[in-house]
Amino acid sequence: MSVGHGGRVEDVYADKLEMEHGSRARNLYFREGVIEAGVHVEGEVLYTETIEASPDARFAKPASKVNVLPKAPL
C-alpha cells in the first residue's frame, strides 16, 4: 500500500507500506514499511519485519517491532 504525497489516512493495516513525503496517518500496522521525510504519525507504529524511516519523519511514539500485529477491524 502506498499513501501518496500529502495524503491523509486513519488506521493502515498493510503487508508492505510506503508513506510518501508529507503524508499523515493515525496508526500504522505493517510487515515492511518505508516512511519518508515529512510524514507525521499521530498514534502508534507497529511492524513485524523492517522499517526504513527518515530522520525527518515525526512519530507520536517510537515505532515498535512486534511478533504479531493487531487484527484489522472488519
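Read-outs: derived from the displayed coordinates by stated rules, not from any lab. Since this is a predicted model, take the numbers as computed values, not measurements. As a convention, Cβ positions derive from the backbone with ideal geometry for all residues, glycine included, and neighbour counts pool all protein chains shown.
Per-residue answers, yes or no, for (1) outside any strand (DSSP E or B); (2) of a type in the set (S, T, N, Q); (3) closer than 20 Å to Asn67 by Cβ:
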| site | (1), (2), (3) |
| --- | --- |
| His5 | yes, no, no |
| Val9 | no, no, no |
| Gly33 | no, no, yes |
| Ala37 | yes, no, no |
| Tyr47 | no, no, yes |
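Where residues in the stretch 33-73 are among the β-branched types (Val, Ile, Thr) and closer than 18 Å to Gly4 by Cβ, which of them is surrounded by the fewest Cβ atoms within 10 Å (Cβ to Cβ)?
Val34
Can you tell me which residue within the stretch 1-32, out of those that are in contact (Cβ under 8 Å) with a residue 24 or more places away in the chain and of a type in the set (Ser, Thr, Tyr), is surrounded by the most Cβ atoms within 10 Å (Cβ to Cβ)?
So, considering only residues that are in contact (Cβ under 8 Å) with a residue 24 or more places away in the chain and of a type in the set (Ser, Thr, Tyr), the one surrounded by the most Cβ atoms within 10 Å (Cβ to Cβ) is Tyr29.
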